[in-house]
Every structure is written in C-alpha cells, then in structure tokens.
Amino acid sequence: MPLLLSSLLYAFRAIDVTSLLFLMTTIRMFLSGTHVIQSPGDLARFGATFFQILAPLQLALLVFLSAFGAARAVAPEKDKRTLILLLLTRLTNQQLVLGKLFASLLTPLILVIASIPVLLAVQLFGGVSNDQVARILLITFAATFVAGTLGSTFALWSEKTFQTLSITTLTIVLWIGLWEGIVAVG
C-alpha cells in the first residue's frame, strides 16, 4: 500500500507539470494562429501573456487544493469521533493541529516547487523577470499556507464535513471576489 501511494504522488506531480507544459504549448499554438512571431518582442509578449495566465490559474488551483486538503485531514476525524481519541494521546493540541495542517499542505507545496522549472522556462521566451517569478512563488506559497490554515480552522470549528467544505469554499470565493472588486473599482 505505501508503494502504491508513493507512486500515485509521483504520478500526480508529473501530471501537474505536464499539464502546465501542455497549457503552454496550447497557448503558443493559439497565439501563433492569430499572430506570426517575427521578432524577439513578439516572443516576449507571448512569455508575458502565458505568465499572466499561468500565475493566477496555479494560485487558484493550489488555494482550493490546500484548503480542501486541510479540511479533509480533520473533518473525517470529527465525523468518526476519532479526534477525541487523538486528544487523549500524549500529543499536545499544537502538535495535533499543526501535524494535521503540515501533512495536508505537503502535496500542494510540493506542486508549487514542481512548477518552478516551468516558471523559469517561461523566462526563456522573455517578458518575465526573475523578480516576477520569485514574487509569484512567494505569493503562491503564502496563499497556499493561509488557505490550508483556513480549511483546517473551519474543519476544527464545524461539526460536519459538508459544513466545513461549504464554509471554506464560500469564504475563499468571497475573499477573492472582494479583492477583485477592489481592483475593479480602482
């Protein structure tokens, strides 16, 4: 069983990076159908356009993945009433909560690390600097951690799994909507 689980995790990471590369080639084919690249400036515009699509897409996917993963780590324990048994062990409350949180955030954070080569490859097209890649990675790490903390908090607070998932989803969607509204207003 552990061998199967580890091979699935490797496959999941490979599928993530492959899908990012597939997205890059799809966008390249779409843009080259509408505009022929004749100069390095055209290639740099493609790199900037791809980066503008990739960064928010990856951020949104990893935010929801980390929030639901952290909620999924705690909510079944509460549903099965095994969280009470865990509280009776020698683990402190901090060790229990942070252990569940960090274990659930391991996969999303590894996916962020796995996407670094793709983000650096976009720099080869031009239009994207090292500073932009570093800022996107920092923002993605922080947002993944905050979303996981939010999912874990709601899972520990609410009684049922459905409540946890719906409150987590609603909070993230409203948070994103609030900031998009602020940006749209000016």
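Of interest is the spacing of the C-alpha centroids, which for the range 158-185 and the range 112-147 amounts to 24 Å. Axis of helix 93-114 versus longest Cα principal axis of the chain: the two differ by about 20°, to the nearest ten degrees. Within the assembled protein chains, the solvent-accessible surface assigned to S104 is about 20 Å², based on a 1.4 Å probe.
Local charge for K78 was computed over the other residues whose Cβ lies under 13 Å away, with Lys and Arg +1 and Asp and Glu -1, and equals +2.
D by Stokes-Einstein for the range 78-120, Kirkwood Rh over Cα pairs, 10 °C, 1.306 mPa s: 127 µm²/s.
Kindly provide the helix-only [θ] at 222 nm of the chain, computed as the sum of -39,500 (n - 2.57) over DSSP H runs of four or more divided by all residues, to the nearest 500 deg cm²/dmol?
After summing the helix terms and dividing by residue count, I get -30000 deg cm²/dmol.
Ligands, DNA and RNA are left out, and with a 1.4 angstrom probe the accessible area of the chain is 63 Å² per residue. Principal-axis analysis of the Cα atoms of the chain puts helix 2-34 at an angle of about 30° to the longest axis.
Placing a label point 7 Å from the Cα of F102 along the Cα-to-Cβ direction, the residues of the range 129-168 with a backbone N closer than 15 Å are 145, 149. Listed values for the range 138-146 are Karplus-derived 3J(HN,Hα) couplings in whole Hz (6.51 cos²θ - 1.76 cosθ + 1.60, θ = phi - 60°), namely 5, 5, 5, 4, 5, 5, 5, 5, 5, and x replaces Gly and Pro.
Our compactness index for the chain, the C-alpha radius of gyration over the empirical 2.2 N^0.38 Å, is 1.23. When the charge dipole of the chain is built from unit charges on Cβ atoms (+1 for Lys and Arg, -1 for Asp and Glu) and taken about the Cα centre, the candidate among Q52, L23, I167 whose Cα reaches farthest toward its positive end is I167.
Per-residue extension of 0.36 nm, minus the Cα-Cα distance of I139 and R81, leaves a gain of 17.3 nm for this segment. Can you list the residues of the range 67-81 with backbone N under 16 Å from a point 7 Å past the Cα of F162, pointing along Cα to Cβ? Within reach of a label on F162, which here means backbone N under 16 Å from a point 7 Å along Cα→Cβ, the range 67-81 contributes 76, 79-80. For the chain, the relative contact order comes to 34 percent (Cα pairs under 8 Å, sequence separation of at least 6).
Simple spin-label estimate for T18 and L88 gives 4.6 nm between the two label positions (7 Å along the Cα-to-Cβ direction from each Cα).
Let me spell out the model: positive unit charges on the Cβ of Lys and Arg, negative unit charges on the Cβ of Asp and Glu, origin at the Cα centre of the chain. What dipole size does that give, in debye rounded to 20?
It works out to roughly 460 debye.
The values are calculated or read from the model by the stated rules, or taken from the named source; none is laboratory data. The structure presented is a predicted model; accordingly, all values stated were derived computationally and were not measured. Counting neighbours? That spans all protein chains shown, and the Cβs are built from the backbone with ideal geometry, glycine included. The accessibility values were calculated without ligands, DNA or RNA, using every heavy atom of the protein model including side chains. Shrake-Rupley method; radii C 1.70, N 1.55, O 1.52, S 1.80 Å.
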